[in-house]
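The values are calculated or read from the model by the stated rules, or taken from the named source; none is laboratory data. Keep in mind the model is a prediction, meaning the values are calculated, not measured. Reconstructed Cβ throughout: ideal geometry from the backbone, glycine too, with neighbour counts over all protein chains shown. Keep in mind that these areas ignore ligands, DNA and RNA; they rest on the heavy atoms of the full protein, side chains included. Shrake-Rupley method; radii C 1.70, N 1.55, O 1.52, S 1.80 Å.
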Amino acid sequence: QLRLVESGGGLVQPGGSLRLSCEASERVYSTDPMGWYRQAPGKQREMVAIKRSGRDPTYAGFVEGRFTISRDTAKNTVYLQMNSLKPEDTAVYYCYYRSLNTYWGQGTQVTVSS
């Protein structure tokens, strides 16, 4: 069973930056979508950014140019560089990968607060 392991969450002040990483336990295919969702308390899980080779990345509207998704195929890893973080970005961020099945990581907490 493929596992996704996230890292890089934490507490950051408004305007700060964080870089999330997600490594798959097995080979993932660059042509399959891989990326990030998030879920804030009391809200539904929502897409943040998805990347697959051969296509432009997909970003949620609230990203507004602040986040950048990237993938390292050799390391089976996807990253999310988050800049200019806002308090409303506070959420648990989940790694996502979809091939024949859909896989989720356990989540990493991102808290933006002064």
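What about residue 110, is it touching a helix residue (DSSP H, G or I) at 6+ places or on another chain (Cβ under 7 Å), touching a residue at least 24 places away in the same chain (Cβ under 8 Å), part of a strand (DSSP E or B) and not aromatic (Phe, Trp, Tyr)?
Spelling it out, residue 110 is indeed touching a helix residue (DSSP H, G or I) at 6+ places or on another chain (Cβ under 7 Å), touching a residue at least 24 places away in the same chain (Cβ under 8 Å), part of a strand (DSSP E or B) and not aromatic (Phe, Trp, Tyr).
Out of the residues in the range 15-42 that are assigned to a loop (DSSP other than H, G, I, E, B) and of a type in the set (Ser, Thr, Tyr), state the one that is least open to solvent (accessible area, probe 1.4 Å).
Only one residue tops the list, namely 30.
Table: residues versus (1) within 27 Å of residue 1 (Cα to Cα); (2) crowded, with 18+ Cβ neighbours inside 10 Å.
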| site | (1), (2) |
| --- | --- |
| 66 | no, no |
| 76 | yes, yes |
| 104 | yes, no |
| 109 | yes, no |
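Tell me, which residue of the range 83-102 that is within 17 Å of residue 45 (Cβ to Cβ) and among the aliphatic types (A, V, I, L, M) is most open to solvent (accessible area, probe 1.4 Å)?
Looking at residues that are within 17 Å of residue 45 (Cβ to Cβ) and among the aliphatic types (A, V, I, L, M), I get 92.
Give the range 63-75 a look and list any residue that's touching a residue at least 12 places away in the same chain (Cβ under 8 Å) and outside any loop (DSSP other than H, G, I, E, B), or say none.
Once the filter is applied, which keeps residues that are touching a residue at least 12 places away in the same chain (Cβ under 8 Å) and outside any loop (DSSP other than H, G, I, E, B), the range 63-75 yields 63, 67, 68, 69, 70, 71, 73, 75.
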